[in-house]
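Asker: Encoded as structure tokens, here's the structure I'll be asking about.
No lab work stands behind these numbers, since they all come straight from the coordinates. Here the structure is a predicted model, which means the values were calculated and not measured. Cβ atoms come from the backbone with ideal geometry, glycine included; neighbour counts cover every protein chain shown.
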Amino acid sequence: MMNGKPAAVLLDLDGTLLDTAPDLIAAVNVLQAERGMPASPLEELRHLASWGARGMLAGAMDLHPGDDDYEHHRVRFIDLYSANMTEHSAPFEGMRELFPRLADKGIVWGVVTNKYERLAVPLMEAMAFDPPPVCVVGGDSAGKPKPDPAPLYLACERAGLEPAQCIYVGDSDRDITAGRAAGMFTIAAAYGYISADDDIAAWKADAVVHSAAEMEAVINGLCDA
């Protein structure tokens, strides 16, 4: 349990802050067309969007790290995605309204994602949140991606924060594992890219929410505790 009022809310990006699945799936659909394959529908791949290129290539094309042509398609996918990653991606409902209200309470916010930082930063800039995040940390920023807590520690370092006064919100078990390891209060985003096999209760997050409104209620409760 958090000791004292939170100083910051850090969020995963894909499936927690932004609905990026449409642009990720559009990129892999191009790869499918290039190989003469039918396009996979959005709902078939949506739950894999948190896994980026690896998830898209596995789900749509049965390509996995170590396969002979995996790296070629991974690079091609990232090129396609980076050229069009702001076409249909958007914040989940209520996210834009959340951050000004947090600012009114003196709480800053930031992003810690396993997406490459060179993709995450321009994507966040294009979203033009007000107030903007105090940090954007990618999966390649700290040397180790989540579930290692290193990216969360780096976010705290960049923003001048203490981990114990931070909340981390994510839609996968690796998010909650990283947040717990960093000593942060953890919130599982059950509205995100959750598969039928996910057992959210087994992640042992401090709270589970189904919307930005529920997230805000949890944060307000911590402020009032």
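Asker: Considering only DSSP beta bridges where both residues belong to the chain, give the percentage that are antiparallel (nearest 5).
Answerer: Here the antiparallel bridges make up roughly 10 percent for the chain.
Asker: Here's a follow-up. Take Glu44 and Glu157, extend 7 Å from each Cα along the Cα→Cβ direction, and tell me the distance between the two endpoints in nm.
Answerer: 4.3
Asker: Sum up the charges of everything whose Cβ sits under 15 Å from the Cβ of Ala202, counting Lys and Arg as +1 and Asp and Glu as -1, but leave Ala202 out.
Answerer: It works out to a net charge of -4.
Asker: Nothing charged except the Cβ atoms of Lys and Arg (+1) and of Asp and Glu (-1): what's the magnitude of the dipole of the stretch 141-225 about its Cα centre? Round to the nearest 20 debye.
Answerer: Roughly 320 debye, rounded to the nearest 20.
Asker: Shifting gears a bit: Compute the FRET efficiency between Val75 and Ala103 as 1/(1 + (r/R0)^6), taking r as their Cβ-Cβ distance and R0 = 41 Å, and round to the nearest 0.05.
Answerer: Rounded to the nearest 0.05, the efficiency is 0.55.
Asker: Let's test this: bin the Cα-Cα distances of the stretch 21-84 at 10 Å from zero up to the farthest pair and state each bin's percent.
Answerer: For the stretch 21-84, the pair-distance distribution reads 25, 62, 12.
Asker: Right, here's the next one. Along Cα→Cβ, 7 Å out, is where each label goes; now give me the distance between the ones at Met37 and Ala126 in nm to one decimal.
Answerer: So the label points at Met37 and Ala126 sit 2.3 nm apart.
Asker: What order, most packed first, do the peptides 121-130, 163-172 have when packing is the mean number of other Cβ atoms within 10 Å of each residue?
Answerer: Ranked from most to least packed, the peptides come out as 163-172, 121-130.
Asker: Between 0 and 90 degrees, rounded to the nearest ten: what's the tilt of helix 212-224 against the longest Cα principal axis of the chain?
Answerer: Long axis of 212-224 versus the principal axis of the chain: about 30 degrees.
Asker: Okay, moving on. Between Lys5 and Thr86, what's the calculated FRET efficiency when r is the beta-carbon distance and R0 is 41 Å? Round to 0.05.
Answerer: Using R0 = 41 Å, I get an efficiency of 0.75.
Asker: Under 17 Å Cα-Cα from Lys144, which aspartates and glutamates qualify once same-chain neighbours fewer than 8 residues away are excluded?
Answerer: Asp12, Glu117, Glu157, Asp173, Asp175
Asker: On a 0 to 90° scale, report how tilted helix 95-104 is relative to the longest principal axis of the chain, with both axes built from alpha carbons and the result rounded to the nearest 10.
Answerer: 20
Asker: Once you've got the Cα coordinates, tell me which of Lys146/Lys204; Lys5/Lys115; Lys5/Lys105 are over 20 Å apart.
Answerer: The answer is Lys5/Lys115.
Asker: Running Debye on the chain with equal point scatterers at the Cα sites and no solvent, what base-10 log of I(q)/I(0) appears at q = 0.16 Å⁻¹?
Answerer: -1.07
Asker: Let me ask something else about it. Report, in degrees rounded to the nearest 10, the 0 to 90 angle that the Cα long axis of helix 117-127 makes with the longest principal axis of the chain.
Answerer: 70
Asker: Turning to a different aspect of this structure: Report the net charge of residues surrounding Met124, where surrounding means a beta-carbon distance below 11 angstrom and charges are Lys +1, Arg +1, Asp -1, Glu -1.
Answerer: Residues near Met124 contribute -1 overall.
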